[in-house]
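The values are calculated or read from the model by the stated rules, or taken from the named source; none is laboratory data. As the structure is a computational prediction, the values presented were derived from the model and not from experiment. Methodologically, a virtual Cβ is constructed for each residue, glycine included, from the backbone with ideal geometry; neighbour enumeration extends over all protein chains shown.
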Amino acid sequence: MKNLSLCLSVVLISIAFSSCNVETKKAPVQKVGIDEYLGQWTIDIKGGTVGWLEVRKEDGYVDADLLWIGGSVTPVSNVFLANDQYLIVTRTNNLVRTRDEKNNPLRTHIITSWLEISKKGAKIEGFLLSPGRNGMSVDSTSFVGTKLPDVPPAPDMTKLKFGDPITLFNGKDLSGWILTNEKQKIGFSVIDGVLINDPVQTEGRPHISYGNIRTEREFEDFNIKLEVNVPEESNSGIYLRGMYEIQVLDSYKKELDSHNMGALYSRIKPTVSAEKPAGIWQTLDITLCDRHVSVILNGTKIIDNQPVYGPTGGALKSDVFSKGPIYLQGDHGKVSYRNIILTPVVK
């Protein structure tokens, strides 16, 4: 029995040593060329927000534009392929640490955040990494991206067929409208047949988080006509399908810009200025069809059947083919709306 136990011990030790000598084979790293990242991508960000990324080759180098949750579509600081596998996209902003007695910056840091992106089948996925303000931590936000197909040819506007008009605002109350975020406060009310947003903040009291409102109904392609009154220096927005913002702004006599009244925010600049002075009722006539938009402001066409390449800041969803609501910004400034009529495109 003793000899048998000794033999078993020798065998087990031999097996152990043999196992240590076995080479483990690692799966080869899958190389991904830059061409697989080229194109436009809608991005679903953890937490329910939306972004957009376009990667392209330009004059022998790689460049990109990025939209992250809110704000404008902006050029990135840098973009490059790392380790034949990951796409790294960086963006920067200045952080003033200290100022002198005249409020002039004394010490400024250039803060760099970056996206680490990998290709997973037909999609991309990754993380946005952002240094904390104190420089002693890094925040990480995950996301998944879907490649956008090319925009189809512009529709023939003369051949569009329309259904029955739908009155979105009844002039009496907020029937058919809800907050996009039920945790926020609604600043909209109806006074004398007018839908008025007045997000009042009281000095010395806690800041109130006012919300946007959206239609309960969702739509595909359509024409929408409405009237809007913007006070001096005020700001709002009309979102088509919950995705594309038509800017509402007091931009009277300002230079043409993609952030002016009637622009598709940060994406399409009006070809001509047609704004009226602040405090005067203005008309908007907007058509969205086949990922193209036309805008007539106060009887003047300022955007003529132009392609829409992706969502704008504040979009509720990333799927450019799904139906969506009309939503009105309520977290910016005072603004009034009336006579909101939507007519669906029939296909």
*Look at region 266-289 and say how many of its residues are touching an Asp or Glu at 6+ places or on another chain (Cβ under 9 Å) and either outside the structural domain of Ile340 (by TED's automatic domain parsing) or assigned to a strand (DSSP E or B) (or both).*
7
*Of all residues in region 266-295 being among the hydrophobic types (A, V, I, L, M, F, W, C) and free of Cβ contacts under 8 Å to residues at least 40 places away in the same chain, the one that is surrounded by the fewest Cβ atoms within 10 Å (Cβ to Cβ)*: Val272
*Checking Ala263 against (1) touching an Asp or Glu at 6+ places or on another chain (Cβ under 8 Å); (2) surrounded by fewer than 23 Cβ atoms within 10 Å (Cβ to Cβ); (3) under 29 Å from Phe162 (Cα atoms), the condition it does not meet*: (2)
*Mind checking which residues of region 174-231 are of a type in the set (Ser, Thr, Tyr) and touching a Pro at 6+ places or on another chain (Cβ under 8 Å)?*
Tyr210, Thr215
*Pairs under 8 Å by beta carbon, first residue more than 16 Å from Tyr61 (Cα to Cα) and touching a residue at least 24 places away in the same chain (Cβ under 8 Å) in region 73-98, partner among the aromatic types (Phe, Trp, Tyr) and surrounded by fewer than 16 Cβ atoms within 10 Å (Cβ to Cβ), six or more apart or different chains?*
none
_Condition broken by Asp84, with the remaining ones in (1) among the acidic types (Asp, Glu); (2) modelled with pLDDT under 95; (3) closer than 17 Å to Trp68 by Cβ satisfied_ = (3)
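Of all residues in region 210-252, how many are outside any strand (DSSP E or B) and either buried (at least 20 other Cβ atoms within 10 Å of the Cβ) or without any contact (Cβ under 8 Å) to a residue 24 or more places away in the chain (or both)?
9
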_Test of understanding: among Thr112, Thr98, Thr108, which residue is of a type in the set (S, T, N, Q), loosely packed, with under 12 Cβ neighbours inside 10 Å, farther than 26 Å from Tyr244 by Cα and not assigned by TED's automatic domain parsing to the domain that holds Tyr244?_
Thr98
